[in-house]
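Trainee: My questions will all concern the structure given below.
The values are calculated or read from the model by the stated rules, or taken from the named source; none is laboratory data. This is a predicted model, so every value here is computed, not measured. Cβ placement follows ideal geometry from the backbone for every residue including glycine, while neighbour counts extend to all protein chains displayed.
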Amino acid sequence: MTGTTDDRNDPGLGQVDSDTGLQASYLVLSDEERAQGFVRPVRRTYVHQTCGTATTMSLAIAETYARQPGFYGGTYCAGCRDHFPVGEHGQFVWDGTDQKVGS
Ligand SMILES: [Zn+2]
């Protein structure tokens, strides 16, 4: 099971599960920061354009994207079991859209 933290020094950020490729923990904006409002819809599922697999993230990560779209440099694909770039030139779109994750 993977979790989230708003502590940049959380040791889980550097731990990767060798079976799933998931980090033990993912960095998110704090509850207080996320409570200040979103500039994008809160979307939880994205598609890796390279392999076509949809991955659903936890709500705290989805809200972090909605609050600050450029927060992450990459995200996890459940099909590839690895992380790949997001952003304008990244490899992911929000499920059912052609909008790039992280843009
Ligand atoms: Zn993939």
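Trainee: Would you tally the residues in the range 58-88 being part of a loop (DSSP other than H, G, I, E, B), aromatic (F, W, Y) and surrounded by fewer than 20 Cβ atoms within 10 Å (Cβ to Cβ)?
Mentor: 1
Trainee: Which residue pairs have Cβ atoms closer than 9 Å, lie 6 or more positions apart in sequence or on different chains, and pair a first residue in the range 38-53 that is more than 8 Å from the ligand (Cβ to nearest atom) and polar (S, T, N, Q) with a second residue that is at pLDDT 95 or above and in a loop (DSSP other than H, G, I, E, B)?
Mentor: Every condition considered, the pairs that remain are T45/M57; T45/D95; T45/G96; Q49/G90; Q49/Q91.
Trainee: Let me ask something additional. Right, T55: part of a strand (DSSP E or B) and under 23 Å from Q15 (Cα atoms) or not?
Mentor: Values: part of a strand (DSSP E or B): yes; under 23 Å from Q15 (Cα atoms): yes.
Here the answer is yes, as T55 does meet what is asked.
Trainee: I need the full set of residues from the range 1-36 which are assigned to a strand (DSSP E or B) and within 11 Å of T64 (Cβ to Cβ), in order please. Lay out the reasoning, then the answer.
Mentor: Of the range 1-36, the ones assigned to a strand (DSSP E or B) are 3-5, 16, 23, 25-27.
Matches in the range 1-36: T4, Y26, L27.
Trainee: Quick test for you: out of Q15, Q68, pick the one residue that is free of Cβ contacts under 8 Å to residues at least 24 places away in the same chain and polar (S, T, N, Q). Quick ask: steps written out before the conclusion?
Mentor: Values: Q68 fails: free of Cβ contacts under 8 Å to residues at least 24 places away in the same chain.
So the residue among Q15, Q68 that is free of Cβ contacts under 8 Å to residues at least 24 places away in the same chain and polar (S, T, N, Q) is Q15.
Trainee: Taking the residues in the range 63-82 that are in contact with a Pro (Cβ under 9 Å, 6 or more places away or on another chain) and farther than 11 Å from R40 by Cα as candidates, determine which candidate is nearest to the ligand (Cβ to nearest atom).
Mentor: The selected residue is T75.
Trainee: Just need a number here: residues in the range 83-103 that are under 12 Å from the mean Cα position of the chain (by Cα) and either at positive phi or within 13 Å of the ligand (Cβ to nearest atom) (or both).
Mentor: 9
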